[in-house]
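**Q** First the structure, which I've put down as structure tokens, then a few questions once you've had a look.
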Amino acid sequence: MSWTKKAWEAGYQIYEQITSMPFNQELIAGTLDKEKFKFYIAQDSLYLAEFSRALSLIAGRAHHTEHVLEFARFAEGAVVVEHALHAGYFQKFGITETLPASPSCQHYTHYLLTKAALAQVEVAMAAVLPCFWIYKEVGDFIYQQQQKENNPYQEWIDTYAGEEFAGIVERAIKICDEVAESCTPAQQQTMTDAFVMATKLEWMFWDSAYRQEQWPL
Ligand SMILES: Cc1ncc(C[n+]2csc(CCO)c2C)c(N)n1
């Protein structure tokens, strides 16, 4: 069995829990509170800026030229998405102030940056994979279930269910399988642990947006 298949199985229960979260169920129905969506978009913008740095670090540490290029392209893609958020949703929903990163947002980005800088590069690649793969699967799930008429979140839903994004995700999956082949079973297990942890942090990111999570102090 390929490493990515094993990793997906290891994270599958968390994926299922993500699809049933109130944030995603209300996004599907088009009933999600606008303030919660605004909080999510503002935090995602902060997330993407750091995510792009993590991808750039991995690009610099990758062993194969093609992987260096691919991760550099992924990093560029994350910046492009972040700019699109600013040009589109920030305007549309009237988001003007820059909020501090929420505890969950900060924890997630710091987790990825730490792995990107310090972990074995194959483990760092495994840690960023859920950002691609979970989003694709959740995006497809939401797209299939959505209430299409007058859903204010239609545009956002279309982005992650689109074919362009599917191609990027396939490439990220392929790279992880390629690098996993040169790893020992113990290293592959560390990759799986990083994948599952990042999947949990995806859950926490959505949960924190729904709660509009604040710092206690
Ligand atoms: C919390 C959070 N996790 C994943 C994504 C998805 N995503 C956005 S840009 C990009 C890579 C483009 O090259 C990916 C996978 C997100 N937006 N927010």
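**Q** Output the residues belonging to segment 2-30 that are closer than 16 Å to Ala126 by Cα and among the polar types (S, T, N, Q).
**A** Within segment 2-30, Ser2, Thr4 meet the criteria.
**Q** If we keep just the residues of segment 157-191 that are not in a helix (DSSP H, G or I) and not hydroxyl-bearing (Ser, Thr, Tyr), which is surrounded by the fewest Cβ atoms within 10 Å (Cβ to Cβ)?
**A** Glu181
**Q** Within segment 64-76, identify whether any single residue is modelled with pLDDT of 95 or more, closer than 30 Å to Glu178 by Cβ and not in a helix (DSSP H, G or I), and answer yes or no.
**A** yes
**Q** Go over the candidates Val79, Val68 one by one and state the one that is on the phi < 0 side of the Ramachandran plot, surrounded by 14 or more Cβ atoms within 10 Å (Cβ to Cβ), under 16 Å from the mean Cα position of the chain (by Cα) and β-branched (Val, Ile, Thr).
**A** Val79
**Q** When you look at Met197, is it buried (at least 20 other Cβ atoms within 10 Å of the Cβ) and of a type in the set (A, V, I, L, M, F, W, C), yes or no?
**A** Here the answer is no, as Met197 does not meet what is asked.
**Q** Within segment 137-151, can one find any residue that is of a type in the set (Gly, Ala, Ser), within 11 Å of the ligand (Cβ to nearest atom), within 19 Å of the chain's Cα centre (by Cα) and not in a loop (DSSP other than H, G, I, E, B)?
**A** Within segment 137-151, one or more residues are of a type in the set (Gly, Ala, Ser), within 11 Å of the ligand (Cβ to nearest atom), within 19 Å of the chain's Cα centre (by Cα) and not in a loop (DSSP other than H, G, I, E, B).
**Q** Report yes if some residue within segment 114-123 is at pLDDT below 95 and of a type in the set (S, T, N, Q); otherwise report no.
**A** no
**Q** Related question: Return the residues of segment 82-106 that are within 12 Å of the ligand (Cβ to nearest atom), in contact (Cβ under 8 Å) with a residue 40 or more places away in the chain and in a helix (DSSP H, G or I); say none if nothing qualifies.
**A** Once the filter is applied, which keeps residues that are within 12 Å of the ligand (Cβ to nearest atom), in contact (Cβ under 8 Å) with a residue 40 or more places away in the chain and in a helix (DSSP H, G or I), segment 82-106 yields Leu85, Tyr89, Ser104, Cys105.
**Q** What's the number of the condition Ile134 fails, among (1) aliphatic (A, V, I, L, M); (2) surrounded by fewer than 17 Cβ atoms within 10 Å (Cβ to Cβ); (3) in contact with a Phe, Trp or Tyr (Cβ under 8 Å, 6 or more places away or on another chain)?
**A** (2)
**Q** Anything in segment 145-156 that is in contact with a helix residue (DSSP H, G or I) (Cβ under 8 Å, 6 or more places away or on another chain) and either more than 15 Å from Ile41 (Cα to Cα) or surrounded by 13 or more Cβ atoms within 10 Å (Cβ to Cβ) (or both)? List them, or say none.
**A** Hits for segment 145-156 are Gln145, Gln146, Gln147, Lys148, Asn151, Pro152, Tyr153, Trp156.
**Q** Does any residue in segment 21-32 that is surrounded by 15 or more Cβ atoms within 10 Å (Cβ to Cβ) and at pLDDT 95 or above come within less than 6 Å, Cβ to Cβ, of a residue that is assigned to a helix (DSSP H, G or I) and among the charged types (D, E, K, R) six or more places away or on a different chain, and which pairs are these?
**A** Leu32/Glu26
**Q** Would a scan of segment 35-53 turn up a residue that is of a type in the set (A, V, I, L, M) and surrounded by fewer than 16 Cβ atoms within 10 Å (Cβ to Cβ)?
**A** Checking segment 35-53: at least one residue is of a type in the set (A, V, I, L, M) and surrounded by fewer than 16 Cβ atoms within 10 Å (Cβ to Cβ).
**Q** Could you please tell me which pairs satisfy a Cβ distance under 7 Å, a separation of 6+ or placement on different chains, a first residue in segment 149-161 that is within 12 Å of Lys92 (Cα to Cα) and among the polar types (S, T, N, Q), and a second residue that is at pLDDT 85 or above and surrounded by fewer than 18 Cβ atoms within 10 Å (Cβ to Cβ)?
**A** The qualifying pairs do not exist here.
The values are calculated or read from the model by the stated rules, or taken from the named source; none is laboratory data. Bear in mind the structure is a predicted one, so any value in this text is a computation, not a measurement. With ideal geometry, Cβ positions are generated from the backbone for all residues, glycine too; neighbour counts draw on all protein chains shown.
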